[in-house]
Amino acid sequence: MRYIIGNWKSHQNITESLVWLEELHALKPKIGQGVKLILCLPFTDIAAFNHKLSDSGLPIITGAQNVSHLSSGHHTGEITASMLSELVSFCLVGHSERRRDFDETSDIVAQKTKSLLENNITPIVCLDTPYLDEQIRCLFNEDVDVSRCFFVYEPLSAIGTGNPIDPHDANHVCHQISFLIDGQAPILYGGSVSADNAPSFVSQSRIDGVLVGTDSLEPTSFAAIINSLK
């Protein structure tokens with residue numbers, strides 16, 4: 001199985017998300033056998049997007065971009081895994097932007113991961129080399145079943161820069177992740193992924209797919225990535 005995961009970040013309101021879906025449907029991307037599409041949306045878009053998605057016929061699985069590390073309770077403004085459980089099947093955790101902008105630690109990411117699994121949502125755990133060992137150790141400390149997670153190697157140097165790292169170098173780090181989790185879960189690469197370079201990443205021995213940021217925002221670019229892996 002190969003995975004294409006889109007991450008819209010803080011882009012697209014509800015109207016824009018529905019227009020995106022209509023435009024992608026009109027492009028009729030050729031989704032290859034054994035390719036799974038996942039799209040991580042802003043919280044505000046998920047319900048309306050899900051409703052429209054059922055009419056489109058596109059085999060997209062929706063995900064969230066974040067979740068609270070807290071359980072249900074008096075936590076004004078927090079979105080818990082229980083709240084998301086009726087809306088999404090996947091959720092990003094530990095993205096480097098949240099580490100940078102919101103001071104998220106590996107312990108907090110591990111708590112979020114555990115909460116998602118308790119609510120039958122698959123965590124997509126983002127990793128970079130400076131905290132790779134620490135993050136995986138924290139997951140084991142929380143008794144997280146890593147076989148039920150996805151992992152993404154997303155080097156900070158490549159995110160939003162237009163300069164992805166060499167696929168062979170990415171594959172080396174993905175092998176390191178695989179070793180630490182005993183080869184139990186899908187491992188993806190993220191960082192300036194495009195239709196031109198996506199095939200070179202997924203052709204590597206230990207890269208099972210790509211996490212797409214900027215090029216997931218435009219239907220034509222996202223369709224091109226899908227077609228490149230058909």
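Let's see how each residue does on (1) of a type outside the set (S, T, N, Q); (2) open to solvent by 30 Å² or more (accessible area, probe 1.4 Å); (3) touching a Cys at 6+ places or on another chain (Cβ under 6 Å):
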site	(1), (2), (3)
THR62	no, no, no
SER71	no, yes, no
GLU78	yes, yes, no
PHE90	yes, no, no
SER96	no, no, no
GLU104	yes, no, no
LEU117	yes, no, no
ASP128	yes, no, no
ARG148	yes, yes, no
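Scan the stretch 177-197 for residues that are touching a residue at least 40 places away in the same chain (Cβ under 8 Å) and either in contact with a Leu (Cβ under 7 Å, 6 or more places away or on another chain) or closer than 18 Å to ALA224 by Cβ (or both) and jot them down.
ILE177, LEU188, GLY190
Considering only the stretch 66-76, I want to know if a residue exists there that is under 25 Å from ASN171 (Cα atoms) and either within 18 Å of the chain's Cα centre (by Cα) or free of Cβ contacts under 8 Å to residues at least 24 places away in the same chain (or both).
Initially, the stretch 66-76 is screened for residues under 25 Å from ASN171 (Cα atoms), giving none.
Scanning the stretch 66-76, I find no residue that is under 25 Å from ASN171 (Cα atoms) and either within 18 Å of the chain's Cα centre (by Cα) or free of Cβ contacts under 8 Å to residues at least 24 places away in the same chain (or both), so the answer is no.
Tell me, please, whether a residue that is buried (at least 19 other Cβ atoms within 10 Å of the Cβ) and of a type in the set (Asp, Glu) can be found in the stretch 42-51.
Within the stretch 42-51 (the criterion being buried (at least 19 other Cβ atoms within 10 Å of the Cβ) and of a type in the set (Asp, Glu)), the answer is yes, since at least one residue qualifies.
Only one of these is surrounded by 14 or more Cβ atoms within 10 Å (Cβ to Cβ), more than 14 Å from the chain's Cα centre (by Cα) and of a type in the set (Asp, Glu): GLU154, GLU142, GLU218. Name it.
Selected residue: GLU142, the only one of GLU154, GLU142, GLU218 that is surrounded by 14 or more Cβ atoms within 10 Å (Cβ to Cβ), more than 14 Å from the chain's Cα centre (by Cα) and of a type in the set (Asp, Glu).
Conditions first: (1) farther than 24 Å from PHE90 by Cβ; (2) modelled with pLDDT under 95; (3) open to solvent by less than 70 Å² (accessible area, probe 1.4 Å). ILE159 passes all but one, so which condition is the exception?
(1)
Does VAL125 count as in a loop (DSSP other than H, G, I, E, B) and either more than 30 Å from LEU18 (Cβ to Cβ) or in contact with a helix residue (DSSP H, G or I) (Cβ under 8 Å, 6 or more places away or on another chain) (or both)?
Working: in a loop (DSSP other than H, G, I, E, B): no; either more than 30 Å from LEU18 (Cβ to Cβ) or in contact with a helix residue (DSSP H, G or I) (Cβ under 8 Å, 6 or more places away or on another chain) (or both): yes.
When the stated conditions are applied, VAL125 does not pass them.
The values are calculated or read from the model by the stated rules, or taken from the named source; none is laboratory data. Worth saying up front: this structure is predicted, and the values here are computed from it rather than measured. Virtual Cβ from ideal backbone geometry, glycine too; neighbours counted across all protein chains shown. Please note that ligands, DNA and RNA were not included when accessible areas were found on the heavy atoms of the full protein model with its side chains. Shrake-Rupley method; radii C 1.70, N 1.55, O 1.52, S 1.80 Å.
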